[in-house]
Amino acid sequence: MGGGSGTLLVNDRASAHLKNGFAFQRMGDYESAIENFTKALDSDPHSGEAHYGRGICHLQRGEFDRAIADFTRGSIETALSRCQPVDIVDNDELNLPGLDAAIQAEATSAVTASHAVQAPQVSLLRVIAERMFEGD
């Protein structure tokens with residue numbers, strides 16, 4: 001039971017820092033917001049919201065590389081949090097010829113597609129961010 005209580009305290013701490021981060025962000029105090037989002041990530045490194053919030057602050061400060069890094073990590077954490085665990089079954093038990101090769105081909109295709117999509121997205125985000133701050 002003690003482990004559950006500790007987990008609760010970590011989640012409460014992460015939640016408090018996350019709320020503070022968004023409050024500072026709304027006030028335009030991006031440095032304090034970044035500090036709070038970082039503390040939230042210290043408590044819960046998989047928080048997509050904290051990465052997103054910190055990314056917005058970096059974007060507002062013109063720190064585009066840091067913003068892109070946080071947006072990317074936040075997207076990954078959000079996607080991973082929505083994945084459902086599955087039971088891994090050894091193909092030897094299934095006895096389906098060609099399954100291993102098909103899985104490997106699909107994985108290779110997914111990685112290739114991911115790299116092909118990621119570069120234009122990063123470039124597009126950089127252009128959008130730069131145009132947001134052209135008048136400043």
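See the values below:
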| quantity | calculated |
| --- | --- |
| Subset of region 50-67 that is surrounded by fewer than 19 Cβ atoms within 10 Å (Cβ to Cβ) and out of contact with any Asp or Glu (no Cβ under 9 Å at 6 or more places or on another chain) - its residue that is nearest to Ser81 (Cα to Cα) | Arg66 |
| Every residue from region 68-82 that is surrounded by 17 or more Cβ atoms within 10 Å (Cβ to Cβ) and over 20 Å from Asn11 (Cβ atoms) | Ile68, Asp70, Phe71 |
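None of the figures in this text is laboratory data; all of them are computed from the coordinates on show. All figures in this text were calculated on a predicted structure; none of them were measured in a lab. Counting neighbours? That spans all protein chains shown, and the Cβs are built from the backbone with ideal geometry, glycine included.
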